[in-house]
Amino acid sequence: MTPHSCFRHVFDANPVPMYVFDLENLDLLAVNEAAASLWGYPLEQLRRMKATDLRPQDEVDAFVRHVAALGPGDVDHGDFRHRARDGRPLDVEVQSSEIRFDGRRARLTVLKDVSAQREMERALGASHRDLAHTLAHDALTGLPNRMTFMRRAGEVLAGAPDSRHAVVLVKVDRLRSINNSFGT
């Protein structure tokens, strides 16, 4: 088995999505079945596409500039967005290195689909922000609550221990009956 055929076998049979693209014109030179499955394209169609075809349209220029800035020994890694055949965005972690492929300068790129993980992170972040707001604000008025007041007062006093501060308390008569009539 020649080194080239060994590479092709490992590349094609690998369960990890991978592709190789030409650095001159960004043509896809090789795509494995795992990558085709991730994007939802048939292999034959992918072999006629460019690496830019896999990006959201508004990110193509940034991708082209990014690739042009990479040097021959640079290992590229990071989070990027790709676009599946059906148009849905894919969040992917990418790692790529420059290689010679059929006598051409190319990049071997390995992908990891992290779309579900990123969606969960976004959802948890929103839930965390909602919970933090609920804990720090009055449900009826939306104003900062007593806990928030005490925290902020402590921060002010800790930041300027020798300065003068005053606290004004305002009592609203029959607040409970107003809340019971109009509040929740």
**Request:** Any chance you could count how many residues in the stretch 62-76 are in contact (Cβ under 8 Å) with a residue 40 or more places away in the chain and farther than 19 Å from Arg100 by Cβ?
**Result:** 0
**Asked** Taking helices (runs of 4 or more DSSP H) that fall entirely within the stretch 10-98, which contain at least 1 residues that are open to solvent by 60 Å² or more (accessible area, probe 1.4 Å) and hydrophobic (A, V, I, L, M, F, W, C)?
**Response** 60-69
**Message:** If I filter the stretch 124-138 for residues that are among the aliphatic types (A, V, I, L, M) and at pLDDT 90 or above, do I get at least one hit?
**Reply:** no
**Asked** When you look at Glu121, is it of a type in the set (Asp, Glu), farther than 19 Å from Met18 by Cα and either without any contact (Cβ under 8 Å) to a residue 12 or more places away in the chain or surrounded by 15 or more Cβ atoms within 10 Å (Cβ to Cβ) (or both), yes or no?
**Response** yes
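The values are calculated or read from the model by the stated rules, or taken from the named source; none is laboratory data. This is a predicted model, so every value here is computed, not measured. Methodologically, a virtual Cβ is constructed for each residue, glycine included, from the backbone with ideal geometry; neighbour enumeration extends over all protein chains shown. Surface accessibility is based on the protein's heavy atoms, side chains included, excluding ligands, DNA and RNA. Shrake-Rupley method; radii C 1.70, N 1.55, O 1.52, S 1.80 Å.
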